[in-house]
Every structure is written in structure tokens, then in C-alpha cells.
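Below is one structure; the comments refer to it alone.
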Amino acid sequence: MITVHDNLFFLHGKDMSYIMKKDEAGYLYHLYYGKRLGEREYRIPVNYLRGFSAADINDKTVRDTPNNDVGWLPKDEQGKSLDEAPQEYPSYGRFDLRTPAVEIEYGDGNRITDLRYDSHEIVSGKPDLPGLPAAYAKDSEAQTLHITLKDVVAKITVILSYTVYEQHPNICRNVLIQNNGKETILLRRALSANIDFAGGEHDVISFPGSWARERHTSRQRIHHGIQEFSCARGASGHQMNPFIIVCDTASNEDYGDCYGFSLVYSGNHSTIIEKDQYDITRVQMGIHPGVFTWELKPDDWFQTPECILAFSSQGLTSLTQSYHDFFRENFLHGYWSKRDRPILLNSWEASYFDYNEETLLTLAEKSKALGIEMLVMDDGWFGKRDNDHSSLGDWYANKKKLPGGLSGLVAKVNALGLDFGLWMEPEMISPDSELYRAHPDWAVQVPGRTPAITRWQYVLDLSRTEVQDYIIDAVSEVLRVPGISYIKWDMNRHITDMPDSGYNHRYILGLYRILDKLTRRFPRVLFESCSGGGGRMDPGIMYYMPQTWISDNSDAIERLYIQEGTSYAYPLQCMTAHVSAVPNHQTGRITPLSIRGHVAQFGMFGYELNPAAMSESEKAEIMQQIETARRLRKLMRSGDFYRIASPYAGNDCVWQVVSKDKRETVLLFARILSVPNPNVTTVKLKGLLPGENYHESDSHRIYGGDELMYMGIQIEAGAQDYFSILKHLVIN
């Protein structure tokens, strides 16, 4: 997987290679990232005729060279300009004047760092990252390369780490920065990954959004100058996901070189793309440098979050499947990582805050009659909470609503044959709460200023150990109630009033400590992440909570866009998707129950409605949906996902999931708006066994695998808006 020949570093994973080279002066260059290459001598792509100083004009060879850039580009002692060469981890202000990956301010105010190769080490497996979530590997699965760079003048050590996997086209990268000097320094920028792509035209695919419109797909050309994709709201955010794809301009689902960048981090983040004067495209990802400073005292170190790269030479679908496989096999862990999830009903849209023990038990009884497996009690069960104006932080039962307390309600729900879960927002504190009256200083704030309030709540200061311990103890006390097997962990506001520019990272480290303690203490509790819906859908949270409520918007049509955008990096088993009532509570749209059920199948399936408000025919259809979900949930959790037709490109959306052994597949066809006098639509499936016969579950028709892939299957869409059909095919 990893070999070193003199000054060349070769990293080989499944169908890919990553190559670096150090020169005589000790600078580390990025040579190649792409389809697998052989190991031979490779030249550093530097134009030696650029970058000469004015003194070199006396050299006739240089003086007589047509159109040379005399005097403009800085050069090292070998006569090479780092400012035009692909760098591996560029530092600020010396020989490379483009955007740096690391920037350090020293005691005298200067920010010049000159990093050169010192040593390297290859180890089996993958070391953990202290205090941070990260991928894992057995010693037989992966190798890790540590390259040590040093600035001998400033006494700075930087260790670049690369883990490559035998069976995955992924590389995990992180950086450790250590102050070996005698004075305190300020780390102004510490990015997790930098890649310089030499030449060529590229597109970037990003995933912007907002509340109720998360992770919509945006594709644009990479142009000269700087493009940034970032969020600085305290969490990874609705506004820009910490995941991008850089790809050939002609690439599509099945063709072209594609590179993925996924940051394992839940706080402020940034991806910076700079295309320079010589058409080198620099891609960087890490903690947002615009709102970050970290003090490093002598002998202190700083560990960046992990960045997970992926490469595909066969288009976007292959890139997506590589991320899904990697997250499932070498990232998600714990009891629920490879288990089917319960089909639940969440009480929120059934009753909002207006419930008590009696109404919840009625909801549980009606849910059980439909075949639902878990009841989740949402916001409103604690303190004196009847609306969102109070009680966050007071995590004890509201006895007016639950006279028997949590234990009494949970026991009764369990006795009906249902699992039980509940909603919490542990990172928040209400001004009107017993906790705030006892500890007003626990809210994030700048001394002398009244903190900004959002949704009648403040953010707890998770950088403080005593606050972390309070949350751990409070949540533990709730989970010690017998029969609670699920927590929906919400975070419903941005973080404002951060007291310094290193605060957000300290907050995130505190959050990770809390989640690590709780998930180890209660390994069989299913934790689901929520942040106003999908405002914290990132691998950092996914490490502790294997599924996320990816949007508060449960409208089936909007979910086509949200779930497709989310699918580019994140497996279906990490997305929660629910059927809700109509008119939809977010869009007001009225869609058939069929399309709501079909779209929700492509995620961890559940409901957000009141069964008592449903007609008998709707209840019968829900029972069929639940039967289908039980039949499909292993396939949805573990299969290969294909985007055959995109709602971003037209009126139809077609998704497919194929089992790993290719013996089972499910197909969704959804048409958003009715088409007058339409043609029959032909859909060609993917990833099947051409020589086998597939049996369709509903019609009992037999199709050849080759027929389904090469001739296609015909879909007759009805004359209606929001038409959908689900086809399940299996080799008998």
C-alpha cells in the first residue's frame, strides 16, 4: 500500500495512487492523485526558467530565454519557484505566495514559516486521533504514513499523516502541529488537507442550503481566483456541508475523474479552492481559518480534524459508493452500525407540545396497531415546558403531563410491545429554567455583554468541563430509566457571542467528549442527531450518532432534492426519512400517501403524523408501507445506491439500490408534475447480473438482468402530479 523509493512516496489504495516527492532542499511536492500508477521515477512539475532573481540576468542562458518571468517569482536555493509548483502542505509567506495550509504568528509579529522534510515513518493500521472522531482500521486493512516537516529557525514540527486502505479508494489525512520553541505562538490557520492539481479544467460540486432546504446540489466551473465554501455559525450548518467534489468538467454519474473531500468535523469549516496564474488548482479543507486562532505554548501541540478523500475514475456514482462503503465498514461503529433500525413514530407533528400521558398512550396504541415498532416522545416532556420559552436544561419529567414520571410512561409503552425514545436538546439552556437561575454563567457569553437569544434559548458553554459533566450526568439519569432505547439529540440555534476565536473548536471538543462518554456508557441506545433538521449532518456527529434527521422538511417533493444531495457522501442508513401528514407542515403541499412512503423508504423509515387522523384506507396503506420497509431495510442499509435520473435535471427522479451480491434491487420512479399526452418512459437499471432472472414482487413478472439494464423497464406515469412507483426485484 505504501512504499518509499529514495525521495518518492507512493500511496496505493483500491484503483488509485497518490504520489509525493521531496527535493534536494527538503520541500515536499504533490505529484499525482488519480488512477493507479506504477512505481518509477517521476519529475517535479516545475518550470526552472521561471523565478530567477534580477541578479541572474548576468546568466546568458536565462537572459536570452524568451518571455521568462525575470524577478517576479520567489525561488529557493535550488532555483525553483514553489509559487508555481504543486505543494503538499504549503506554509505562509516565503517561496509560495498562494493560499497557505498553515499560518503561524510568532512573538515578534512575523508569520513566515519554512517547512522542510525531516523524516518519515510507516505503521500498520491507523492510529486514533486524541479527542476527535476518526476512521479506524485493522493492521491488516491499512497502512499509515507519517511525514515530519520542520522549520529549524522557528522550531516548528508538522506531522502529515496519510492512511490508505487495501480495499477502499480513500485516504484519511490529518496534521499535527507542535511548538518546539521557547515562546508562545499563535496558530492562525491549520487546515487538514491540501491538494494541488496541476492543469486541466475542473468543476466543483458543493452542497449549500438553509433550514428546510439542506444540501441542495450546486455545480460550477472552477475559475481563476479563489472560491470558498464555508460555514462559521458554530456548527457544520444548514448553509454549506463540509463535503465537496472536484471533477472533470465532462464527468457525470458514470464517467470521469472525481475527487471527494469530506471533513470529519462538526464546527466552523471551510473549503478553499484557488486557481492560480499557471492553472494549478489548489483545494484545501479544514477548520475555518477566518474565525480561528489557537495558542500553542512551548511543547504544546494541535491536532487537526481528519479529512477523508476519495477518488473515482468512473464518475460520481462510483465516488458515492466508495464513500458509502467506507463509512459503513471503517467509520460507523458500535451496536447499531450494522443493525436494522426500528420503524418509529415521532410525536412532534402529531401533537407538538400539546400532549400528556393519556394522549401519548393512545398514540402508542394506534401506532402499534399499524405495525410501528417505536414511539418517540418529542419536545415538551420536561420541566414546565408547554412551549419553547422555558425549561431547557431541566431534564426531569413534567409531572403535570406525566404524573407517573418517565418510568411510568415508558413501562406502559413497553407493555404495549413498543420500544420507547425521547427528544432532548442537551447543549441548550433557557433563561427561564432552574439551571439558568443556578448557573447564569454557564451560557456562552462575552463578559459585559448580554448574549443574543434565539428561540428563547442560550447555548451552554461546552468548553467548560463542569458543564460537560452536568450534561453527561443529566442525560445519563434519563437513560437509566428502564426501557428507553433511543435519543433524538437536537441543537436548535447557531452559536453566537463566542468569547474568542479559538472558542468554537473548544466547544466542539467538549461536545465530542460528552458524546464519547454517553455512547460508551449506553452502547445499545440509538442516538439520532438533529440540528433544526439537517444543520449538523457531518461525519463528526455521524461517528457517535449513526443516523441524522436530515431536514425538518418532510415534504416528499423537497425530500427528493434533500435526500439526493445528501446521498453524494452519506449512506442511506445515516438519513432518517419520515412519512408526514398533508398539507405538509413545512410547504403546505398536498401529495399522495404513496409518494410520501416511496421517498421515505430511501432512508431510515418512520412517521410524523397522528394515526387517529387517518382514514381506514390510509391506515391500510400505512400498514403496507411498514411491511415494505421491513422487507427492504437491510437492502437500504447495506446496498449500492444509484442516481439514475435527478430532480435537479428534470421532472423525473429515479433512484435504485442494489444488494452487494446483486441478487436484489429496488427502484423508485417519481414524476413531480404531470405531463400531458406523455410517452411511456423507459428506465435502464444498473448494477445487476445480466445472466440472471429477476422476479418483481408485486406483478410477479420475470425480467432478465440484461433486459433490465440494456433494454430497460417501461414506466407508465399516470395523469397526475406527484406520481411515483416502487419496484422490488429479486433473483429467486
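The set of residues in the range 123-137 that are touching a strand residue (DSSP E or B) at 6+ places or on another chain (Cβ under 9 Å), part of a loop (DSSP other than H, G, I, E, B) and free of Cβ contacts under 8 Å to residues at least 40 places away in the same chain comprises G125, P127. Applying the criterion of at least 3 residues that are within 22 Å of V459 (Cβ to Cβ) to the strands (runs of 3 or more DSSP E) found wholly in the range 341-434 leaves 419-424. Quick one: would you say D276 is farther than 30 Å from Y458 by Cα, among the acidic types (D, E) and touching a strand residue (DSSP E or B) at 6+ places or on another chain (Cβ under 6 Å)? No, not satisfied.
Within the range 264-281, the residues that satisfy the criterion of being among the small types (G, A, S) and assigned to a loop (DSSP other than H, G, I, E, B) are S266, G267.
Taking the conditions (1) surrounded by fewer than 20 Cβ atoms within 10 Å (Cβ to Cβ); (2) within 26 Å of the chain's Cα centre (by Cα); (3) of a type outside the set (A, V, I, L, M, F, W, C) in turn, G597 satisfies each one other than (1). Listed by first and then second residue, the pairs linking a residue in the range 227-238 that is in contact (Cβ under 8 Å) with a residue 40 or more places away in the chain and under 9 Å from H269 (Cβ atoms) to a residue that is in a loop (DSSP other than H, G, I, E, B) and of a type in the set (A, V, I, L, M), with Cβ atoms under 9 Å apart and 6 or more places separating them unless they lie on different chains, are S236/M537.
Where strands (runs of 3 or more DSSP E) fall wholly inside the range 167-263, the ranges with 2 or more residues that are of a type in the set (A, V, I, L, M, F, W, C), touching a Leu at 6+ places or on another chain (Cβ under 8 Å) and assigned by TED's automatic domain parsing to the domain that holds Q143 are 170-179, 185-198, 243-248. Looking at the range 282-333, which of the residues that are aromatic (F, W, Y) and assigned to a strand (DSSP E or B) is surrounded by the most Cβ atoms within 10 Å (Cβ to Cβ)? Checked the range 282-333; the qualifying residue surrounded by the most Cβ atoms within 10 Å (Cβ to Cβ) is F311. Against the conditions (1) farther than 30 Å from L511 by Cβ; (2) under 21 Å from the mean Cα position of the chain (by Cα); (3) surrounded by fewer than 24 Cβ atoms within 10 Å (Cβ to Cβ), C258 satisfies every one except (3).
Go through the residues of the range 198-209 one by one and say whether even a single one is closer than 21 Å to A134 by Cα and in contact with a Ser or Thr (Cβ under 9 Å, 6 or more places away or on another chain). No, because not a single residue in the range 198-209 is closer than 21 Å to A134 by Cα and in contact with a Ser or Thr (Cβ under 9 Å, 6 or more places away or on another chain).
As for the range 557-570, it holds at least one residue that is over 17 Å from N346 (Cα atoms), under 17 Å from the mean Cα position of the chain (by Cα), outside the structural domain of S351 (by TED's automatic domain parsing) and free of Cβ contacts under 8 Å to residues at least 60 places away in the same chain. Residues of the range 620-642 that are in contact with a strand residue (DSSP E or B) (Cβ under 6 Å, 6 or more places away or on another chain) and of a type outside the set (A, V, I, L, M, F, W, C): G639, D640, Y642.
Mind checking which strands (runs of 3 or more DSSP E) fall wholly inside the range 620-732 and carry at least 1 residues that are buried (at least 17 other Cβ atoms within 10 Å of the Cβ), hydroxyl-bearing (S, T, Y) and at pLDDT below 95?
none
Checking each residue of the range 503-522 against the condition of being of a type in the set (F, W, Y) and outside any helix (DSSP H, G or I) gives at least one match.
The values are calculated or read from the model by the stated rules, or taken from the named source; none is laboratory data. Every value quoted in this text rests on a predicted model; they were computed, and no experiment measured them. Neighbour counts run over all protein chains shown; Cβ positions are idealised from the backbone, glycine included.
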